[in-house]
Amino acid sequence: MLQRNYQQITPKPTQPLLPEELIRARAGQAANRAAARHRFEDYRSRRAPETLRRQDADLQLFTTFLEQVKIPAGNLAGDPEAWNGITWGLVEAFVKWQLQESYAIPSVNVRLSTVKTYARLAFQAGAISASEYALIRAVKGYSLKEQRRVDERRSPHIRRGLKKAIPVKITPEQAQSLKNQPNTPQGRRDRLLMCLLLDHGLRVGEIAGLLVENIDFERGLLRFFRSKVGKEQVHRLAPATMKALTAYRDFGDIPHNGKLLRRSHKDDSLGKAGMTSRAITLRVRTLGEVQGIYGMSAHDCRHYWATTAARNGTDPFSLQEAGGWNSLAMPRRYVEEQAIANQGVKFNGNQLDI
């Protein structure tokens, strides 16, 4: 009986792999190693240039933090081995360090997302263990409510970040003045620029990437690629935008092909095609100052567009699609800000006359 039980619990010896199975196993391992080596390169080849610039800046700040705590950092954007020794505690400390340095909460959240993305790549490449990566994934950013609490406890004058805590308000009258630029080569270009921002809510990078070929004059359509969400969209051109585009074409300002917006010289003449995102940002700020709107950014124009659309009854789903957002969170905020809380409330069977 004892002998029989021993035989039942004794594991059978592992069968040797057949030659075909051995070849497949070795080939699979070789494929894994090759994929690991190129994981970062493959990921970055799929991202838009502006996304890579932002991620590189995020990782550079992470490197700065690591150096301050005496931890050597390699090429975090391209070398999986540079992530050896990166733990969830360091990622958590990086988040807290940014708060101490007075960085804006949205910027902190974005950088945390970047670090998590590259930690995932390093995990897939075998540089971070599964248990450590799970802990890094668990590091949390700040919700909107938490952001407000943090901002209430610190001075807005030392808040650091690319986006302002409170956008510069633009009135409808100011928006109209911003679109009424002089009838000069530079003025016609600026009029088109402001129409794209205020009437369509395009991002700076999207405007910088617009091509002449994106315009369908006959049908009044604008077809363009939104790199942030990775999809092509079509906008029907607003009347003011169509008028600005027509003048830009009829006066011979528009390039024959390629980038839609042309650079300008100090004498108000236009130069080569292709305004950079930075040039657009600076020009928008200057145009705002001319109208007495100081500190105005392209994002403020996008905020005006979304706010105006919500105020005029645009539902969150339509606003999300038109604005090129991945989720309903942002368009819902614009709609909720414009909503009348007691609209539809009834007393004694009668609806309030709002």
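Say we look at the stretch 81-113 and pick out the residues that are charged (D, E, K, R) and in contact (Cβ under 8 Å) with a residue 24 or more places away in the chain; which of these is farthest from Ser131 (Cα to Cα)?
Looking at residues that are charged (D, E, K, R) and in contact (Cβ under 8 Å) with a residue 24 or more places away in the chain, I get Glu101.
Lys164 - would you say it is modelled with pLDDT under 90, basic (Lys, Arg) and either assigned to a helix (DSSP H, G or I) or closer than 30 Å to Met330 by Cβ (or both)?
yes
Answer with yes or no whether Asn75 is touching a residue at least 40 places away in the same chain (Cβ under 8 Å) and surrounded by fewer than 18 Cβ atoms within 10 Å (Cβ to Cβ).
So Asn75 does not fit the description; no.
Within the stretch 51-78, take every residue that is of a type in the set (A, V, I, L, M, F, W, C) and outside any helix (DSSP H, G or I) and give me the one that is nearest to the chain's Cα centre (by Cα).
Per the stated criteria, the residue is Ala77.
I'm checking my understanding of the structure. Among residues of the stretch 273-291 that are outside any helix (DSSP H, G or I) and either among the hydrophobic types (A, V, I, L, M, F, W, C) or at pLDDT 95 or above (or both), which one is farthest from the chain's Cα centre (by Cα)?
We begin by selecting, within the stretch 273-291, every residue outside any helix (DSSP H, G or I); these are 273-276, 291.
Then drop every residue that is not either among the hydrophobic types (A, V, I, L, M, F, W, C) or at pLDDT 95 or above (or both), which leaves 273, 275.
Working: Ala273: 25, Met275: 20 Å.
Per the criteria, the residue is Ala273.
Would you kindly identify the helices (runs of 4 or more DSSP H) lying entirely within the stretch 168-268 that contain at least 2 residues that are in contact (Cβ under 8 Å) with a residue 12 or more places away in the chain and over 22 Å from Gly323 (Cα atoms)?
185-198, 239-250
Within the stretch 141-158, identify whether any single residue is closer than 24 Å to Ala298 by Cα and either of a type in the set (Lys, Arg) or modelled with pLDDT of 85 or more (or both), and answer yes or no.
Checked the stretch 141-158: at least one residue is closer than 24 Å to Ala298 by Cα and either of a type in the set (Lys, Arg) or modelled with pLDDT of 85 or more (or both).
The values are calculated or read from the model by the stated rules, or taken from the named source; none is laboratory data. If you're wondering where the values come from, they're calculated on a predicted model, not measured in any experiment. Using ideal geometry, Cβ is built from the backbone for each residue, glycine included, and neighbour counts are taken over all protein chains shown.
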